[in-house]
Amino acid sequence: MLKKLYNTSVYYSKKTIVHDLLLWLVVLVTFVVSFAAASFYTYAEHTMMRRVTERADTLVGEISSILSVPLYHIDTAGVKHICKIYSQMPDLQGILVEDEQGRKIFNSIAANSSGISRDTGIYQGQLYLGHVTLVLSDNEHKKERKEALVFLLFTGLALILTIAVGIHIIMRYLLTTPLEQFNTGLADIAGGHYSTRLQSVQHDDLNCSVDAVNRMAGKIEKVVGELKITRDFLKNVLNSMPSIIIGVDSQCCITDVNLTAIHNADKKHRPFTGKPVAKVFPWLEGEVVDNILQSISEYKPITIIQKNTQIFGEQKHLEIAVYPLHTSFNDGAVVRVDDISTRIQLQEVMVQTEKMMSVGSLGAGMAHEINNPLAAILQAVQNVERRLSVTFPKNREVAEQCNLDPQALENYLQERHIFPMLKGIHEAGQRAEKVVQNMLKFSRYSGSTMESCVLVDIIDRVLELVGNDYDLKRKYDFKNLMINRKCNSDIVVKCNRAEIEQVLFNLLINAAQAFKAEDFKEGRPPEITIIVTRDEDFVTIEVIDNGPGIEEDLQRRIFEPFFTTKDVGEGTGLGLTVSYYIVVDQHKGALSVKSTVGQGTTFVVKLPVS
């Protein structure tokens, strides 16, 4: 039972203060109870021995006094009779009576008697009559001593058990329960439940510790909360970045990645933590991994430009920046990977733009330079026609002075088709002049002024411009395309004339370039149709071609900057992007595409009426 009480709490089965305290208290109580029992037993033994001794002394005196009368009369029978009567006493083992000469009158003492022996002389006054010896049995004394010992043992055990139970209850109330609550709360806090608070107890000394632990838990909860907020913030920052962020250790194994990195990783190697970075991101293997290890060992940031890298079938240009880390527990680095394809393309476009600006300036200058001799040619042709005409009197007068027949000269010129040749020169010059004027108007900056424009005039002017387009690589002339127009001449729209011209120019050029050289040799003639309609809110312009069409997955990206399906060097991928910007952002309209592979493509431009 004591063992059961001892093990009722976890604190009694482990090496704890409560364990040792209870053990020592039980030992102390056992020692005190044992000492008290031994003292009581010794005292009881001494008291019983004294009582037995006193009885023996009293009894021997009593028998001596009684036997003095028969011995004095020398009544041997009387002596024996008295001795037999006393021998019947249960605690009396035997009596020995001797006369004055030492002769035994009565003897009932056995040879092996071990009781308490007492003897005394028998006197009648001063007369010595004999001697009496008696032996009292100590069996009764032993029985009482045994009963006392058993009583003391049971009483001591009961007392020890009672005290142990009392100590257990008191310790359970005063110490064990508060400690259990205290340690349970500490275990919860240590397990990460920082909102746990210990309950107050009835004792001020323990409450001091409880209050200290609660204050500590509150501070830890606050710090952990702030750390969690900071960690979540940093995680969100990293995950929101378009860059690929990879944390690696000194062996180039992954320690952490952001969402962009996960989207560009080889998914079959999940989870990524602990995996070699070259295995999860195959496009980083080789020289890049060597540079990362070198950066970590030298603790020096490096930047690597890696062009024409294949990532899931797409060719990209990458900028890889490595920032080494030195921590107390491990070295490593943070690797940031950025897609700089757009930047590289922008650089190439800037170079091309500079070239085009130079060509544009040169073209404008050439147009002006061509315009002057072209005007002289037209004027000279006109003068030649006038000087050769016989209808002018001055021409006849000069011919007669030179002995020429004006009519014969005119007949000669007619027969040799000189006049049609001069007319052809004049018409070609006018046509060239118109082309130069259109080029100058198209290249001239017109600002962002909105004005009411007749849409059919814009279309006619754009068609005149694109009519001079000739592709040397594709071996076709725009003039060979069949152009169909369905447009009312009274449709007016408020727009920036030059910008809308540029949009239509880009759409028509794209439609023409969609045809392959074979299309001009096959049975179906390449055809472009322009349809203009108007409703209450929008003017709609549809540019339709019967070319090869555009695949559905490419239609979603057709307006992206630098996206092109042409071969390298044939386009920048900005024509439709600029057109989309002009229509949607500048004119608050809409630009969309509809296409079916093998049937053709339709670009739809919607411009608001007002």
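Tabulated data
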item	result
Using a Förster distance of 22 Å, the FRET efficiency for Ser297-Asp256 (Cβ separation, nearest 0.05)	0.60
Within the range 211-301, GluC sites (Glu not before Pro) in DSSP loop having at most 14 other beta-carbon neighbours inside 10 Å	Glu285
Which listed pairs, of Lys316/Lys594; Lys222/Lys275; Lys279/Lys316; Lys316/Lys606, have C-alpha distances above 23 Å, in listed order	Lys316/Lys594; Lys222/Lys275; Lys316/Lys606
Taking the convex hull of Cα positions in the range 243-298, its mean projected area over all directions (nm²)	3.5
The range 38-165 - convex hull of the alpha-carbon atoms, volume per residue in Å³	105
Long-range Cα-Cα pairs in the range 188-265 (distance over 21 Å), rounded percent	54
Asn308-Arg51 pseudo-label distance in nm [points 7 Å out on the Cα-to-Cβ vector]	12.3
With 5 Å bins from 0: P(r) over the range 181-336, alpha-carbon pairs, percent	2, 8, 14, 15, 13, 9, 7, 7, 7, 6, 5, 3, 2, 1, 0, 0
Cα convex hull volume per residue for the range 89-150 (Å³)	95
Base-10 log of normalised Debye intensity for the range 98-255 (one unit scatterer per alpha-carbon) at q = 0.11, 0.16, 0.20, 0.21 Å⁻¹	-0.81, -1.03, -1.21, -1.25
Computed lengthening from Leu23 to Lys588, 0.36 nm per intervening residue step minus Cα-Cα distance	194.3 nm
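Each value in this text was obtained by applying a stated rule to the coordinates, not by laboratory testing. Since we're looking at a predicted model, the values are computed, not measured. FYI the Cβ positions are ideal-geometry reconstructions off the backbone, even for glycines, and counts take in every protein chain you see.
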